[in-house]
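Read the figures in this text as sums done on the coordinates, not as results from a lab. Here the structure is a predicted model, which is why all the values come from computation and not from measurement. Every residue, glycine among them, receives a Cβ derived from its backbone with ideal geometry; neighbour counts consider all protein chains shown.
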Amino acid sequence: MPLLAIGLNHTTAPVSIRERITFGPDIVVAALRSLTELPGVHEAVILSTCNRTELYCHASDDSIELTREWLAGFHGLAVEDIAPYLYAYEGRRVIDHLLSVASGLDSLVLGEPQILGQVKSAFQTASDAGRCGKMLTRLFQHAFSTAKRVRTDTAIGDSPVSVAFAAVSLARQIFSDLSQQTAMLIGAGETIELAARHLVQNGIGRIIVANRTIARAQELAEQFDAYAISLTEIPSHLADADIVIASTASPVPILGKGTVESALKRRRHQPIFMVDIAVPRDIEAEVADLEDVYLYTVDDLDEVIQGNLRSRQEAAEQAKEIIQFQVDDFIAWMRSLDAVGLIQDYRRQACEIRDEVLAKALRMVESGKPPEEALNFLAQALTNKLLHTPSTQLREAGSTGRHELLEAANALFQLGHGDTGKH
């Protein structure tokens, strides 16, 4: 099957590797163009989130190694640098994997809903760039409908479990009363919005929203009675923050060690709890070396998350059954494509024979032959020409003992002929 998926995720690679293999919004279209220029790669979608980077391709069967080399080379790395962290799927496993990803079964947080929006966004970007054709369009649309069915038919999304929820849960463990605390949220995407919602539900005292686009920060701030600032204003307000949750698409850190040190001095070393959900990281790793700072990355949240997953395990098993059924359904569609060309060729051949015989019959009428004679010729000639090749092939199959072809013909033409010559 001409389907290929190559990638790495939170289970195969640490954040230090994942942040080196990301595709930001500013480079993904160029990357798609470059990827589909590889020999044998016809279509492509690039999915890049904080927890995974994956390439989905409609490609030739021998394109795996070439695509692995492209992924490494695009980021200035050697294949050996990332090979231990990569997985590669073909055929059925690609379909199974994408449907599982879209349904939230392959996420750090089992059943989390944000990934479906990210998969849709990745597909839309590839589609708008003209890098999706019939195969990947059908595959991704199938993944979206499957994910919707999983959400509808199982309880996979009933428990409020997400990376944002885990971050806020951890904050509650450190600060027993959030009503006395100020939270600074860096970014304004879905994860940050979800974190804000959880903080408000847990009675946070005050929220500051910092974003590169101040208008988007103000839009989010209005929803939660928060205060909006730009990223350049963070140093002036960081000392007010007891909790910092960062999740942007910035290719470089937003918060450096020096900025945090200055804020701690102004706070008289009251501790700051920080969660860096972004990949690449928004907060320099060296910040963790500072006293009075508790810095967690997405990988550190895993233990917190595990305690909230038990209620989703049974639903996940039900979801897997739905996915397997949907995988079979998609494979059946792919197999049907094999017959499309054959049917088109057969119909074209039949039409050519029809036109040839019809032209002769019309010439007979024009030359004065009775219409009955022309119609009789048309019927006889058309029947003989349409049946000649199949009859010859079946006769030869019978004489050479190719009983499987006789059985196939019996089923194809539905003749009800039970004895196909086996003895």
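Throw me the Rg/Rh for the range 138-222, computed over C-alpha atoms with Kirkwood Rh, two decimals. In the range 138-222, Rg relative to Rh is 1.10.
Want the number for E65 to S367: 0.36 nm per residue separation, take away the alpha-carbon distance, what's left?
On the way: separation 302, 0.36 × 302 = 108.72 nm, distance 6.72 nm.
Using 0.36 nm per residue and subtracting the Cα-Cα distance, I get 102.0 nm.
Taking θ as phi - 60° and the Karplus parameters 6.51, -1.76 and 1.60, the scalar couplings of the range 230-238 work out to 8, 4, 5, 8, 4, x, 6, 10, 4 Hz in sequence order, x denoting glycine and proline.
Against the compact-protein benchmark of 2.2 N^0.38 Å, the Cα-based radius of gyration of the range 345-413 scales to 1.46.
Full extension of the segment from E190 to E261, taken as 0.36 nm per residue of separation minus the current Cα-Cα distance, would add 22.7 nm. Over the residues of the chain, the helix contribution to mean residue ellipticity at 222 nm works out to -17000 deg cm²/dmol, using -39500 (n - 2.57) for each DSSP H run of at least 4.
With both labels modelled 7 Å from their Cα along Cα-to-Cβ, the L412 to E90 distance reads 2.9 nm. For percent of Cα pairs over 35 Å apart, pick the label among (1) 36; (2) 23; (3) 47 that corresponds to the value derived from the coordinates. Label of the calculated value: (3). Averaged over residues, the count of other Cβ atoms within 10 Å places the peptides 2-11, 40-49, 63-72 in the sequence 40-49, 2-11, 63-72, highest first. Stretching the chain fully between S399 and A215 yields a gain of 58.2 nm (0.36 nm per residue, less the alpha carbon separation). Rounded, prolate or oblate: which fits the range 34-175 when a ≥ b ≥ c are the square roots of the eigenvalues of the alpha-carbon gyration tensor, with rounded for a/c under 1.5 and prolate only if a/b beats b/c? It is oblate, given that a/c is not under 1.5 and a/b is not larger than b/c. Relative to the Cα centre, the charge distribution of the chain, modelled as +1 at Lys and Arg Cβ and -1 at Asp and Glu Cβ, gives a dipole magnitude of about 960 debye. Each of L220, Q181, H237 was scored by the projection of its Cα onto the charge dipole of the range 137-294, and the greatest displacement toward the positive side belongs to L220; charges sit on the C-beta of Lys, Arg, Asp and Glu. So if R0 is 30 Å, what FRET efficiency would R268 and Q223 give, r being the distance between their Cβ atoms, rounded to the nearest 0.05? Efficiency for this residue pair is about 0.40.
For the range 1-83, treating each Cα as an identical point scatterer without solvent, what Debye log10 I(q)/I(0) comes out at q = 0.18, 0.20 1/Å? Here log10 of I(q) over I(0) equals -0.71, -0.88.
Pairwise Cα separations in the range 95-165 fall into 10 Å bins from 0 onward with the following percentages, short to long: 21, 50, 24, 6.
Evaluated over the chain, the count of Lys pairs having alpha-carbon atoms less than 23 Å apart is 9 (only pairs 8 or more residues apart or interchain). In this structure the amide hydrogen of V209, modeled in the peptide plane, comes within under 5 Å of the amide hydrogens of L185, Y227, A228, I229, none closer than 5 places in sequence on its chain. Ranked by the mean number of other Cβ atoms within 10 Å of their residues, highest first, the peptides 129-136, 370-377 fall in the order 129-136, 370-377.
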